[in-house]
1. Under 19 Å from Lys49 (Cα atoms), touching a Lys or Arg at 6+ places or on another chain (Cβ under 6 Å) and either β-branched (Val, Ile, Thr) or at pLDDT 95 or above (or both): does that describe Val246?
2. Please report, ordered by residue number, the strands (runs of 3 or more DSSP E) entirely within region 25-104 with at least 1 residues that are within 16 Å of ligand 2 (Cβ to nearest atom), among the hydrophobic types (A, V, I, L, M, F, W, C) and under 22 Å from Ser249 (Cα atoms).
3. Check region 254-270 and report whether any residue there is of a type in the set (Gly, Ala, Ser), more than 15 Å from Ile79 (Cα to Cα) and either at pLDDT 95 or above or surrounded by fewer than 23 Cβ atoms within 10 Å (Cβ to Cβ) (or both).
4. Among the residues of region 95-141, write down those that are closer than 30 Å to Gln197 by Cα, more than 16 Å from ligand 1 (Cβ to nearest atom) and out of contact with any strand residue (DSSP E or B) (no Cβ under 8 Å at 6 or more places or on another chain).
Amino acid sequence: MNTMNSTVTSNNETTEAPAVPVQDERPAETIIQEGVTVGSPYADDPKFKLRDVEVFYGESRAIKKISLDIARNEVIAFIGPSGCGKSTFLRCLNRMNDSIDICSVKGELMLDDQNIYDPKRDVVELRARVGMVFQKPNPFPKSIYDNVAYGPRIHGLANRKSDLDDIVEDSLRKAGLWNEVKDRLDATATGMSGGQQQRLCIARAIAVSPEVILMDEPCSALDPIATAKVEELIAEMSESYTIVIVTHSMQQAARVSNRTAYFHLGHLVEVNETDKVFTSPDHELTESYITGRFG
Ligand SMILES: Nc1ncnc2c1ncn2[C@@H]1O[C@H](COP(=O)(O)OP(=O)(O)O)[C@@H](O)[C@H]1O
Ligand SMILES: [Mg+2]
C-alpha cells in the first residue's frame, strides 16, 4: 500500500485516503530557483538598480537574493501571497526598514547610481526623494495646511509664506483635493473622510517634490469610490514620478501599472509587462496565483 495515500485510523487499521483529485502538489520551494526571476526584471537606464538583495529579520531571511531594475517613470506593481515579502522589499527602497532593530539588508541597492545604504547617506534627504504612502492613512493631528506644509518646512523649501502657500495649493491640486478643502485649510486633517485623508497623505508626499512614490496597499482601507479616485491620481502622477505600488488587488495592478512583479516566499518569481502577467504569465506559480489557486 502506498503510505503517502493512507491514513491511520483510531484502531490502528490502515485505510485508503479518499481519492481527491490532486493537481500539482509539489511544494512551491521546489519550483523556485533562488536568484532566478523569469520575464523582464531589467531595464535600460533604471531609476533603481537592485542586485542580490537579501533581507533578514534576525536569523530569518525574508528576502532571498532578489535582483530587479525599476525604470524611470514607470508604475510597477508588487503582487503575491500575504507574507511573501512585498512590504519588506518595498521598504528597502527608502530605508524604512532601518527603524526595525532586528532587520538587516544585504546586496547592492542603487538609486540613480548612488548606494542607498551608504552609511554616509542622509536618510531624511533620501526619504524626501523617495516618498511613501501607507496602507492606513496617517495624517498628523494638525490642520490640513500644516500636514502638507510639514515637509517643505523641514526641508526649507519655502522662504516666504506665499511660497509655502503655493506649494500647499499645488500639492493639494495634484492630489485632487484642492476643491474639496480650499475653504477649510485650517480644519484638522483627522476629521476628513478616509479617502480624503489618503489623498492628503499623497499631497504631503508630493509637497517635497519627490522623484519616487512608494505605496503599500494604499487603497486597502478605502471604499470603491475613494479607491477609484486614488487610482486616477496614480495614473496622473505616473507622468512625473516613478511609482511602486504593493497591492493585493489584481484588478488594481492591472488597472494602474506598466509592469508587475510577482513575489513568492521571499523570492521574485516573475516580472513582466502587466498585460502579459495577467494573460500569459511565464511562471507556473504566477499562473496559479492569478487564477486564484492560492493567495
Ligand atoms: N518587523 C518584522 N519583524 C519580524 N518579521 C517580520 C517583520 N515584518 C515582516 N516580517 C516577516 O517577513 C516576511 C515578509 O513579510 P512582509 O514583507 O510583511 O510580507 P507582505 O508584505 O508580502 O505580506 C513574513 O514572514 C513576515 O512575518
Ligand atoms: Mg505587506
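The values are calculated or read from the model by the stated rules, or taken from the named source; none is laboratory data. Bear in mind that the values here come from a model prediction, so they are computed numbers and not experimental data. Cβ coordinates were reconstructed from backbone atoms using ideal geometry, including for glycine residues, and neighbour counts include every protein chain displayed.
1. yes
2. Strands (runs of 3 or more DSSP E) meeting the threshold: 60-71, 75-79.
3. no
4. Across region 95-141, the qualifying residues are Asp122, Val123, Val124, Glu125, Arg127, Ala128, Pro137, Asn138, Pro139, Phe140.
This table checks each residue for (1) more than 16 Å from the chain's Cα centre (by Cα); (2) part of a strand (DSSP E or B); (3) within 16 Å of ligand 1 (Cβ to nearest atom); (4) at pLDDT below 95.
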{"site": "Ala203", "(1), (2), (3), (4)": "yes, no, no, no"}
{"site": "Val208", "(1), (2), (3), (4)": "yes, no, no, no"}
{"site": "Ile213", "(1), (2), (3), (4)": "no, yes, no, no"}
{"site": "Pro218", "(1), (2), (3), (4)": "no, no, yes, no"}
{"site": "Leu222", "(1), (2), (3), (4)": "yes, no, no, yes"}
{"site": "Ile225", "(1), (2), (3), (4)": "yes, no, no, yes"}
{"site": "Lys229", "(1), (2), (3), (4)": "yes, no, no, yes"}
{"site": "Glu236", "(1), (2), (3), (4)": "yes, no, no, yes"}
{"site": "Glu239", "(1), (2), (3), (4)": "yes, no, no, yes"}
